[in-house]
1. Filter the range 389-447 for residues that are outside any strand (DSSP E or B) and basic (Lys, Arg) and give the result.
2. Condition first: closer than 15 Å to PRO207 by Cβ and among the basic types (Lys, Arg). Now tell me which residues in the range 228-249 satisfy that.
3. Within the range 533-559, count every residue that is part of a strand (DSSP E or B), surrounded by 21 or more Cβ atoms within 10 Å (Cβ to Cβ) and out of contact with any Gly (no Cβ under 6 Å at 6 or more places or on another chain).
4. If I go through the range 560-570 residue by residue, how many of them are at pLDDT 95 or above and surrounded by fewer than 19 Cβ atoms within 10 Å (Cβ to Cβ)?
5. Give SER405, SER434, SER367, SER410 a once-over and let me know the one that is on the phi > 0 side of the Ramachandran plot, hydroxyl-bearing (Ser, Thr, Tyr) and either crowded, with 18+ Cβ neighbours inside 10 Å or out of contact with any Cys (no Cβ under 6 Å at 6 or more places or on another chain) (or both).
6. State which residue pairs qualify: first residue over 18 Å from LEU176 (Cβ atoms) and inside the range 247-265, second residue of a type in the set (Asp, Glu) in any location, beta carbons under 9 Å apart, and separation of 6 or more residues or different chains.
7. So, restricting to strands (runs of 3 or more DSSP E) that lie completely within the range 129-219, which ones have at least 2 residues that are closer than 25 Å to GLY392 by Cα?
8. Can you spot a residue in the range 292-314 that is closer than 30 Å to PHE448 by Cβ, at pLDDT 95 or above, within 35 Å of the chain's Cα centre (by Cα) and open to solvent by less than 50 Å² (accessible area, probe 1.4 Å)?
Amino acid sequence: MTQARTRQRSPSPTSPIKRLRRDASEPASSRFAPGLLDENHAQRLHTEYAQSEPFKHIVIDQLFDDALLRGVKDEILRNIQFTEKETDIYKVNQTGDLASLSYLTAEQLALFPSLSTLRDALYSADFRHFLRTVTGCGPLSGSKQDMSVNSYKKGCHLLNHDDVIGTRRVSYILYLPLPRSETWKPSFGGALELYPTALNSQGILEPLPTPTKVVPPSWNQFIFFEVQPGRSFHSVEEVVVEPGLDDRQRLSISGWFHKPQHGEEGWEPEDPMRDKSSLEQLSTSSTPLTPYPSSAPDSHEEALTPSEISFLSVYIDSIYLSASNLKMLADRFASESSIELHTFLRKDYAARLETELRALDMADGFSDPQRQGAIPPHSSGVRPGTGWTIRGPPHKLRYCVSDSSVTDTSAIRELEIKLFPSTEFRSWLRLLSSLVPTAYGGIEARRFRPGLDYTLARSEAEDSRLDVVLGLTPSHDGWESGVWGGWDCYMAPHEGEEDPAVYRSGSGEKKGLENEEEGTLLVAQPGFNRLLIVLRDAGVLSFVKYVSAEAGGCRWDVYGEWAVEDANSD
């Protein structure tokens, strides 16, 4: 698991820094680009904002006076420390809340004259009035300041979310991509992606799997939008450019304007449920299950029947079908609540699978050396007739699944529709787990594409589930080391001390079980022909980490989950 690491940033060039003196008599408007806050300009932006798609937002090309912003950049690089943070939803280098500038000593504050000026200008009454005029959002707090500096270097990303947490009213981001002397190219990654929404079968708005607006960062660019529950879904592409000698990074200042706080004009008591974090609402979900026929496997049977062995031996290596081996594996599972079985499938079946999957990756360009870690288009791997389609919604998950409307005789499809749902496989699971599977669901052949796909953390509120993941990712050192992501992670239940957006993930630096102080229960790296079985208790969070664009191919598996009962229960 990646430890949060604090490190001193490299100093900026040794050329003298121009110190901007703060003059309290100067209006906040003098800090911004000329004419930006003019009422007529704000009204024009309001019209543009109202017509923007896929949700209401504004992109301002030049926000601040350039000399001020250059001073801010120099102060950040010289004096601010970053902490590397990684969860299921992001990987980023971040500072603490810049509201803490208010609590610095005079000597400490002297290190940040430009940054203090920028912060004061952003949260000034003039700029808050400008934001209200453009968005029509209503009053904004001047006392609650919420901003930080974020550095996205190679591998950093932020997945789909709508920013709905607490009293947030307007989200913003100010870009300072480095080096200042070089234009940030779209091929570097790090673009802001905005998603359209549609009603799902329950009548709830959800983001569609593919963004319809992509905004690459540029110096002094400012983007803002009102936090809109169920609408303001956005993400940040992975940064894929090497830092190089000039330390390329997507540097930005981002944060939120909040609703008025107690004692401020416009304050209203909050409904504690109305602005509940979208991630908190999503972290508990339930997969629909299909009950088995009423006749359950005999819990007293200690071996598979000859007919069950005949069916299962088409797919599973014989070593995992013998009664003695199953008894030994059952004892191990009982003590650890998880088990990973290598070389699970028959060698001939596994060879057929590997050939088919490698061919698909090559045909769709994922394993083509010419890609060189570039982010593939969102349409990659889902060409008509390929047998794969995108599954979402991306604020919960995104990956490709087999298309049931396309005739598919592939080996992976056969595992999905024949082996996993079979009563024979149910009997095998009973013997290995000493639990009786009563229903199954979520059985899918899954393809996680580099630079695009993942699942976010979720849990069952009340019931335990038996998770079964047949890893089919062709072997490569990048998977084993964890640098390409794609690992299965299980974490202890969330205790409520912070929003679920802020729990930390497992990483490739730690394999296997138990880092309980950090909350990580199990991390399993992608691999080929490995079966992972985990008894996931109620409240335990699980996710598949985002697959980096650097990965040399897709992460493949067949997944399913089972409701289970104790074999000894009445």
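The values are calculated or read from the model by the stated rules, or taken from the named source; none is laboratory data. Just so it is clear, the model here is predicted, and its values are computed rather than measured. Note: ideal-geometry Cβ built from the backbone for every residue, glycine included; neighbour counts use all protein chains shown. Calculation scope for accessible area: heavy atoms of the full protein, side chains included, ligands and nucleic acids excluded. Shrake-Rupley method; radii C 1.70, N 1.55, O 1.52, S 1.80 Å.
1. Step one: filter the range 389-447 for residues outside any strand (DSSP E or B), giving 392-396, 403-434.
Of everything in the range 389-447, those that are outside any strand (DSSP E or B) and basic (Lys, Arg) turn out to be LYS396, ARG413, LYS418, ARG426, ARG430.
2. Listed by number, the list holds a single entry, ARG231.
3. The qualifying residues number 9.
4. Count: 0.
5. Details: SER405 fails: on the phi > 0 side of the Ramachandran plot; SER367 fails: on the phi > 0 side of the Ramachandran plot; SER410 fails: on the phi > 0 side of the Ramachandran plot.
None of the others qualify; the one that does is SER434.
6. Here the result reads TRP256/ASP146; TRP256/ASP163; PHE257/ASP146; HIS258/ASP146; LYS259/GLU268; LYS259/GLU270; LYS259/ASP275; PRO260/GLU268, each pair linking the range 247-265 to a residue that is of a type in the set (Asp, Glu).
7. Here the list reads 157-161, 192-194, 197-199, 205-207, 213-215.
8. For the range 292-314, residues closer than 30 Å to PHE448 by Cβ, at pLDDT 95 or above, within 35 Å of the chain's Cα centre (by Cα) and open to solvent by less than 50 Å² (accessible area, probe 1.4 Å): absent.
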